[in-house]
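What follows is one structure encoded as structure tokens, with my remarks underneath.
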Amino acid sequence: MNEFWITTLSILLVTLGVLAEFNLIRVFLSDWLEGRREERRRTFRPESVFPKYSFVPRARSVGAWGLSCGSLATLILPPSVAVGVSRAEETATQPLAPESANVTLPSINVERTAGSSVPATGLSDTNKSPFSLQLNLDFTNAYFYRGIFQQDKGLIVQPAAKLTVNIYEQADLKIDALLGTWNSFGPNSGTQTSDLVRDWYESDLMGGFVLTKGKVSLTTTYTFLTSPSDAYETVQELGFTLAYDDTDLLEKFALHPYALLAIETGADASDGGNSNPGTYLELGIAPGFSFDVGKTPVAITFPASIGLSLHDYYPNAAGDDDTVGFAQVGVRVSVPLPLGDRYGKWTLNAGVSGLFIGDHAGDFNGGKRQEVIGTIGIQLNF
């Protein structure tokens, strides 16, 4: 019992620490930006600085400071169609990673919002903050990564965080930088015995850029997939997610299709240490509908995806590759919580999915070919 409470407290402290650090970054950057705006207003006050002229000098483009923030994000994350957040990006392809076999979007998951019209300076008329923060805390019964078994013992806790910085926006073109982390806690095959990290199965760090043009978005991310419990060697991956918002075209029958291409770049791969780096392709859709229950909107989506090997992603012991790694279908329900917007927008997410695993991935999983995965969690957006 003592070990149980020590493990639970460790998970809680790490989760709170990750979320607190990302929120402090968001607050610091927002305050810094507001200070810069106030400085501009004082410096370029036309009646005091330019008493003989009626014009106001053009404000400096947001791109200058945005690129400096973006360079920090190049460390690293799939939304991708709900982002990607690796497993982090996996929550980016659907809301925060369909690229993972688990329908959680994070996951890091991809925003499908088209860029809105802004003045030529690149700053919006409303001076809205270019910073946005998404926090997720999910609970699930099993964790598979692109059809490859990871965890299925006890309660699995998966906190994630993603900071997005808008560095350019004009007309229907928008460029965002992102920095994210995704984690999974629970019993696992790691060799570490410390109370703090033995149940910390995975910790991913990702970063990259999202280019949105009209209804099309391209997310480019780099991800480090690490295991604090030493269950596997660190995997590095370069990912590209192309998503299309077809709402205007198909209206209520919109499919929200996406394609994710992932290229392993490190010495180790997702199918085990010292294996050849592979190239992975995922194709998916997320149709759905919404309705109101009283004054509460309810959104239901039906994510479906298939994971494919383009090169050495699902090899067997003999080194022969298998094209199909997995197929997954599910249903996801999202309900906003009536907590007000002062502390962000809160959403309750719940979903269940069926995972169907290919031959080679199934052999790697000890013969397991199917799995039912249930997930429930809270999402917070600032």
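The values are calculated or read from the model by the stated rules, or taken from the named source; none is laboratory data. As the structure is a computational prediction, the values presented were derived from the model and not from experiment. Positions of Cβ are generated from backbone atoms using ideal geometry, with glycine treated the same way; all protein chains shown enter the neighbour counts. Please note that ligands, DNA and RNA were not included when accessible areas were found on the heavy atoms of the full protein model with its side chains. Shrake-Rupley method; radii C 1.70, N 1.55, O 1.52, S 1.80 Å.
Can residue 224 be described as within 19 Å of residue 284 (Cβ to Cβ), among the hydrophobic types (A, V, I, L, M, F, W, C) and within 22 Å of the chain's Cα centre (by Cα)? Spell out how you get there, then give the answer.
Numbers: within 19 Å of residue 284 (Cβ to Cβ): no; among the hydrophobic types (A, V, I, L, M, F, W, C): yes; within 22 Å of the chain's Cα centre (by Cα): yes.
In short, no.
Listed here are the residues, each with its yes/no results for (1) among the hydroxyl-bearing types (Ser, Thr, Tyr); (2) modelled with pLDDT of 95 or more.
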site	(1), (2)
301	yes, yes
312	no, no
318	no, no
322	no, no
326	no, yes
337	no, no
365	no, no
368	no, no
378	no, yes
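Within the range 338-351, is even one residue of a type outside the set (S, T, N, Q), part of a loop (DSSP other than H, G, I, E, B) and in contact with a helix residue (DSSP H, G or I) (Cβ under 7 Å, 6 or more places away or on another chain)? It would help to see each step written out before you state the result.
Applying the first criterion (of a type outside the set (S, T, N, Q)) to the range 338-351 yields 338-346, 348, 350-351.
Next cut, part of a loop (DSSP other than H, G, I, E, B) only: 338-344.
Add one more test, that the residue is in contact with a helix residue (DSSP H, G or I) (Cβ under 7 Å, 6 or more places away or on another chain), and what stays is none.
Within the range 338-351, not a single residue is of a type outside the set (S, T, N, Q), part of a loop (DSSP other than H, G, I, E, B) and in contact with a helix residue (DSSP H, G or I) (Cβ under 7 Å, 6 or more places away or on another chain).
Quick one: which of 205, 225, 218 is assigned to a strand (DSSP E or B) and surrounded by fewer than 16 Cβ atoms within 10 Å (Cβ to Cβ)?
It is 218.
With respect to residue 266, is the statement that it is surrounded by 14 or more Cβ atoms within 10 Å (Cβ to Cβ), in contact with a strand residue (DSSP E or B) (Cβ under 6 Å, 6 or more places away or on another chain) and modelled with pLDDT under 95 true?
Values: surrounded by 14 or more Cβ atoms within 10 Å (Cβ to Cβ): no; in contact with a strand residue (DSSP E or B) (Cβ under 6 Å, 6 or more places away or on another chain): yes; modelled with pLDDT under 95: yes.
Criteria not met by residue 266.
I'd like to know if the range 356-363 contains one or more residues that are β-branched (Val, Ile, Thr) and surrounded by fewer than 18 Cβ atoms within 10 Å (Cβ to Cβ).
Narrowing the range 356-363 to residues β-branched (Val, Ile, Thr): 357.
With the extra rule that they be surrounded by fewer than 18 Cβ atoms within 10 Å (Cβ to Cβ), the set shrinks to none.
No: the range 356-363 contains no residue that is β-branched (Val, Ile, Thr) and surrounded by fewer than 18 Cβ atoms within 10 Å (Cβ to Cβ).
As an exercise: evaluate residue 191 against (1) outside any strand (DSSP E or B); (2) within 18 Å of residue 133 (Cβ to Cβ); (3) β-branched (Val, Ile, Thr) and give the number of the one condition it does not meet.
Residue 191 satisfies all of (1) outside any strand (DSSP E or B); (2) within 18 Å of residue 133 (Cβ to Cβ); (3) β-branched (Val, Ile, Thr) except (2).
Only one of these is of a type in the set (S, T, N, Q) and more than 23 Å from residue 313 (Cα to Cα): 194, 227, 189. Name it. Step through it out loud before you land on a result.
Working: 227 fails: more than 23 Å from residue 313 (Cα to Cα); 189 fails: more than 23 Å from residue 313 (Cα to Cα).
Answer to the selection: 194.
Quick test of your reading of the structure: residue 349 fulfils all but one of (1) under 26 Å from residue 159 (Cβ atoms); (2) open to solvent by 20 Å² or more (accessible area, probe 1.4 Å). Name the failing condition by number.
Of (1) under 26 Å from residue 159 (Cβ atoms); (2) open to solvent by 20 Å² or more (accessible area, probe 1.4 Å), only one is false for residue 349: (2).
Restricting the search to the range 195-245, which residues are in contact with a Ser or Thr (Cβ under 9 Å, 6 or more places away or on another chain) and basic (Lys, Arg)? Can you show your working first?
Within the range 195-245, the subset in contact with a Ser or Thr (Cβ under 9 Å, 6 or more places away or on another chain) is 195-212, 215, 217-245.
198, 215, listed by residue number.
Starting from the range 252-266, take each residue that is within 17 Å of residue 281 (Cα to Cα) and list its partners that are open to solvent by less than 70 Å² (accessible area, probe 1.4 Å) and assigned to a helix (DSSP H, G or I), counting only C-beta distances under 7 angstrom and pairs at least six apart or across chains.
258/93; 260/93
If we keep just the residues of the range 235-258 that are surrounded by fewer than 16 Cβ atoms within 10 Å (Cβ to Cβ) and of a type outside the set (Asp, Glu), which is modelled with the highest pLDDT? Steps first, please.
Of the range 235-258, the ones surrounded by fewer than 16 Cβ atoms within 10 Å (Cβ to Cβ) are 238, 247-253.
Narrowing further to those that are of a type outside the set (Asp, Glu): 238, 247, 249-250, 252-253.
Values: 238: 97, 247: 93, 249: 92, 250: 92, 252: 89, 253: 92.
Once the filter is applied, the top-ranked residue is 238.
Could you please tell me which pairs satisfy a Cβ distance under 7 Å, a separation of 6+ or placement on different chains, a first residue in the range 194-215 that is within 20 Å of residue 145 (Cβ to Cβ), and a second residue that is of a type in the set (Asp, Glu)?
206/89
Quick check, is residue 330 closer than 27 Å to residue 151 by Cα, open to solvent by less than 30 Å² (accessible area, probe 1.4 Å) and outside any helix (DSSP H, G or I)?
Numbers: closer than 27 Å to residue 151 by Cα: yes; open to solvent by less than 30 Å² (accessible area, probe 1.4 Å): yes; outside any helix (DSSP H, G or I): yes.
When the stated conditions are applied, residue 330 passes them.
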